[in-house]
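Here the structure is laid out as structure tokens; the discussion comes afterwards.
The values are calculated or read from the model by the stated rules, or taken from the named source; none is laboratory data. Everything numeric in this text was worked out from a predicted model, so none of it was measured. As a convention, Cβ positions derive from the backbone with ideal geometry for all residues, glycine included, and neighbour counts pool all protein chains shown. To get the accessible areas, we keep the full protein, side chains included, count just its heavy atoms, and leave off ligands, DNA and RNA. Shrake-Rupley method; radii C 1.70, N 1.55, O 1.52, S 1.80 Å.
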Amino acid sequence: MDYNAKLDDALNRLHEEGRYRTFIDIEREKGNFPHAVWNRPDGEKQPITVWCGNDYLGMGQHPVVLAAMHEAIDATGAGSGGTRNISGTTVYHKRLEAELADLHGKEAALLFTSAYIANDATLSTLPKLFPGLIIYSDELNHASMIEGVRRNGGAKRVFRHNDVEHLRALLEADDPAAPKLIAFESVYSMDGDFGPIEAILDLADEFGALTYIDEVHAVGMYGPRGAGICERDGLMHRLDIINGTLAKAYGVMGGYIAASAKMCDAIRSYAPGFIFSTSLAPALAAGATASVAFLKTAEGQKLRDQHQTQAKILKTRLKGMGLPIIDHGSHIVPVIVGDPVHTKKLSDMLLGDFGIYVQPINFPTVPRGTERLRFTPSPVHGPNEMEKLVRAMDDLWSHCALNRAELAG
């Protein structure tokens, strides 16, 4: 076996399909988000504005978060020193879990190193706790949910995206006595559409199923205290397990589930992804705690309101230019290009010619033919940044973005 040749073949396929992903080396500037510096391949440094980040509210730069992290570093040092079971549980981890449990109105919360690991570890562990469990999963669930369901060794059913009638048909076809769980999301990150949460909960009640919701793109962003779409819609108490992240609206790192005390205890006791992972650094836990607490306040609501306003302005202006955007009413602004090569070239031109950084989104993240640029406006994208983006998109889209011959040249 020529192993290097196989690696070349795999990488060349990505290049040929226009799907090869390139890291853009940027330096975030403290106190100056969304502005950053791009370290260009030619060695030059170019000022840019980040339009594709997940630090939705700018909390990764917020003074209360930074102060909490500095204090924790000064008090404890860098790393946690171990797994949660072996010397890696600190007062900072316990405070954060209490803050998250309070956020979602649950008895307990369980902290993971990322929301990906939280989804994967929890969904792959549940069949150990409920033998014979059948998991019903929305076809557009995040890769971490799909992986957790795939690895758990139990039965699974995939229902068409947001199709409650299809879900009902699948539930009706299975043994009424079998344990069941429905896994879905509140905000789907690529199209920005919402899950039919209440209708799914009604089905869960009817068929005796547990419910698992991923609120990763909603926590911090929706609801009077930032607990997500379920809080906004008054449905949190009806969910069995809520998954969230600390790396997007909260601006730090980590993921979690919030659920009953028994559920969290069982997952922490049986999930290898939790048991064998070094815990988050205390400084990260401290920063996340400060961020969650801040976004529960009236000041946090001001940020959420500003964020929604910015998203509406950007969508209105792009629609006015006739661009093919998807608008389901969330904060996510996808512009469909429909070709991986064109999407990459459009992204490159925005970056190199206008200092606007938005990463292309290609297969397998989205289906082939729906390749896109996904903009994530924030409260700190001001009128000047907005105007520059709109003018750049107008210029490129009008003159060359859809001209296949020019882009291919």
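What shape does the stretch 245-292 take by its C-alpha gyration tensor, where a ≥ b ≥ c are the square roots of the eigenvalues and a/c under 1.5 counts as rounded, a/b above b/c as prolate, and the rest as oblate? Prolate, since a/c reaches 1.5 and a/b exceeds b/c. Rolling a 1.4 Å probe over the protein heavy atoms of the stretch 92-224, with every protein chain left in place, gives an accessible area that is 52 percent carbon and sulfur. Scanning residues 5 or more positions from K156 or on other chains, those with amide H under 5 Å from its amide H are I135, with H placed 1.01 Å from N in the peptide plane.
Neighbours of A283 by Cβ distance under 14 Å: Lys/Arg scored +1, Asp/Glu scored -1, total -1. Distance between the C-alpha centres of the stretch 147-197 and the stretch 287-320: 30 Å, rounded to the whole angstrom.
When each of the peptides 318-331, 248-261 is scored by the mean number of other C-beta atoms lying within 10 Å of its residues, the order from highest to lowest reads 248-261, 318-331. So what is log10(I(q)/I(0)) for the chain at q = 0.07, 0.10 1/Å, when the Debye sum runs over its Cα atoms only? Cα-only, vacuum Debye calculation for the chain: -0.35, -0.73. Of the trypsin sites (Lys or Arg not before Pro) in the stretch 1-30, the ones in a loop by DSSP (not H, G, I, E or B) with at most 12 other beta carbons within 10 Å are R21, K30. What do you get for the angle between helix 115-129 and the principal long axis of the chain? Use alpha-carbon atoms, 0 to 90 degrees, nearest ten. Computed tilt is about 30 degrees. Sorting the segments 106-117, 338-349 by their residues' average number of neighbouring beta-carbon atoms within 10 angstrom, most packed first, yields 106-117, 338-349. Separation of the stretch 63-111 and the stretch 325-361 by C-alpha centroid, Å? What the calculation gives is 36 Å, centre to centre.
Within a straight-line Cα-Cα reach of under 29 Å, K6 can be paired with the following lysines, leaving aside sequence neighbours fewer than 8 residues apart in one chain: K344, K345.
Need one word for the stretch 184-273: rounded, prolate or oblate. Basis is the Cα gyration tensor (sqrt eigenvalues a ≥ b ≥ c); a/c below 1.5 gives rounded, then a/b vs b/c decides. All intermediate terms of the calculation are to be shown ahead of the outcome.
Values: a/c = 1.72, a/b = 1.03, b/c = 1.67.
The shape class here is oblate.
Cα convex hull, the stretch 104-257: 101 Å³ per residue, rounded to a whole number.
Shape class for the stretch 147-209, computed from the alpha carbon gyration tensor (a ≥ b ≥ c): oblate, with a/c not under 1.5 and a/b at or below b/c. Spin-label model, D348 to R40: label points 7 Å out along the Cα-to-beta-carbon direction sit 1.4 nm apart.
Amide H contacts under 5 Å for Y256: F112, G244, restricted to partners 5 or more places along the chain or on a different chain, H placed in the peptide plane at 1.01 Å from N. Ordering L181, G153, G192 by the projection of their Cα atoms onto the charge dipole of the stretch 141-199, which places +1 on the Cβ of Lys and Arg and -1 on the Cβ of Asp and Glu, puts G153 at the extreme positive end.
Overall size of the stretch 1-147 from C-alpha positions, given as principal axis extents largest first: 51, 47, 31 Å.
Extents of the stretch 203-328, taken as max minus min of Cα coordinates on every principal axis and listed largest first, are 54, 44, 29 Å.
Computed from label points 7 Å out along Cα-Cβ, the spacing between L11 and A298 is 5.7 nm. Rounded to the nearest 10 degrees, the angle from helix 383-396 to the longest Cα principal axis of the chain is 70 degrees. Using bins of 10 Å that start at zero, the share of Cα-Cα pairs per bin across the stretch 76-163 amounts to 15, 34, 34, 14, 3, in whole %. Here the relative contact order of the stretch 132-182, from alpha carbon pairs under 8 Å that lie six or more residues apart, stands at 52 percent. Taking every Cα-Cα distance in the stretch 302-346 and sorting them into 5 Å bins from zero, the calculated P(r) comes out as 5, 21, 24, 19, 16, 9, 4, 1 percent. With helices as the sole contributors, the chain gives -13500 deg cm²/dmol at 222 nm; each DSSP H run of n ≥ 4 counts as -39500 (n - 2.57), and the sum is divided by every residue. Per residue, the average separation of C-alpha pairs within less than 8 Å and at least 6 apart gives the chain a relative contact order of 21 percent.
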